[in-house]
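The numbers here are math on the coordinates, done by the rules we state, and not lab data. Since the model is a prediction, treat every value here as computed from it, not as a measurement. Glycine gets a Cβ as well: all are built from the backbone with ideal geometry, and neighbour counts include every protein chain shown.
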Amino acid sequence: MGLVSRIVAFLSAGYPTGVPAVGYAPLLALLPRRVSDEEIPLIIGKLVPRRGPVDNVDIGVEITRVTHEMPSADDIDRVQRRLAAIAWPGGRPDKPKAL
């Protein structure tokens, strides 16, 4: 793979899913912030030491501490699913209640 192809592949990997590949770049600034895949382990790392069940409020507080923004229901759901994957009390594979 050539240098230009590798650069394009690198840039494309971080491009949001569902957004047209050409144009509309200024509209990306209007999209709400989403908890990144790298931030989810940080959030879980702050929740797990509590050694007890975790609810949506706990998750929302930790998301706010990490991102400095209000959590979305989708962000809470993603953290809940990751907790369920490690069989943590309070982690639910089904969709949790909204805040």
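I need Ile44, Ile59, Ile86 ordered by Cβ neighbour count within 10 Å, fewest first.
Numbers: Ile44 19, Ile59 27, Ile86 9.
With the sparsest Cβ surroundings first, the list reads Ile86, Ile44, Ile59.
Using a/c under 1.5 as the rounded threshold, could you call the range 29-85 rounded, prolate or oblate? The axes a ≥ b ≥ c are square roots of the C-alpha gyration tensor eigenvalues, and prolate needs a/b larger than b/c, oblate otherwise.
Working: a/c = 1.88, a/b = 1.76, b/c = 1.07.
Taking the square roots of the gyration eigenvalues as a ≥ b ≥ c, the range 29-85 is prolate.
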